[in-house]
Amino acid sequence: SKIQRCQMRYKILLLCLVSALVLGCVKQYEKHHITLNDSSGIDTQFFPAEKRLKIGDKPYMLFFFGTDCGVCKAAIPDLNALEKEYGKEVQFIGILGPSKGFDKDIEILKEHNITFKTTSDKVSVDYFSKAVGGVMGVPVIYFFDKDGKMRSKFIGLTPKSVLEGAIRSLL
């Protein structure tokens, strides 16, 4: 009947709308989830002999964290705030490992409203870990100057004021 067809169209329209909203929210966090080899990813140059990892032409921070690490999760609000304040001058990059799969990793980004670029791609995580000499535990934060030289390293939950001091020393 005409009423049933109308109801079916309404259900389809509602389903499309809900799908668009859900996918739109995922896309918002996907733009922060990067890999080394995608077009929106990170252009890196690793110089092992010089112990340098150059990423673009700005100073940057690498934040190694885990999906099940409570201390790591506690650091995220401070890093989001610092990225909001200094993100135009310093790149903030999260290295999430081990990956629980793309969908679960995106959920972590959403759950903690992570605003900085993050990767959980195994190749990328291994690359960054090797570039800093290996990461044995999380959280650990590295700060690099614009030439790719490591300037600071912090293990564990670090006060926001200490991190801000490290950022200011790079500028």
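The values are calculated or read from the model by the stated rules, or taken from the named source; none is laboratory data. It should be emphasised that the depicted structure is a prediction, and the values quoted were computed from it without experimental measurement. We place every Cβ from the backbone using ideal geometry, glycine too, and count neighbours over all the protein chains shown. Note: areas computed on protein heavy atoms with side chains; ligands, DNA, RNA excluded. Shrake-Rupley method; radii C 1.70, N 1.55, O 1.52, S 1.80 Å.
Structural remarks
- Of the candidates VAL132, VAL138, VAL123, the single residue that is modelled with pLDDT under 85 and either of a type in the set (A, V, I, L, M, F, W, C) or under 17 Å from LYS84 (Cα atoms) (or both) is VAL123.
- Residues (among the small types (Gly, Ala, Ser) and either open to solvent by 20 Å² or more (accessible area, probe 1.4 Å) or more than 13 Å from the chain's Cα centre (by Cα) (or both)) located in segment 98-132: SER99, GLY101, SER129, ALA131
- Hey, ILE76 free of Cβ contacts under 8 Å to residues at least 60 places away in the same chain, of a type in the set (Val, Ile, Thr) and either more than 18 Å from ARG52 (Cα to Cα) or touching a strand residue (DSSP E or B) at 6+ places or on another chain (Cβ under 6 Å) (or both) or not: yes
- Within segment 150-171, residues that are farther than 24 Å from GLY70 by Cα sit with their Cβ atoms under 6 Å from residues that are aromatic (Phe, Trp, Tyr) and modelled with pLDDT under 95, at 6+ positions apart or across chains, in these pairs: MET150/PHE144.
- A residue that is at pLDDT 90 or above and assigned to a loop (DSSP other than H, G, I, E, B) occurs nowhere in segment 42-57.
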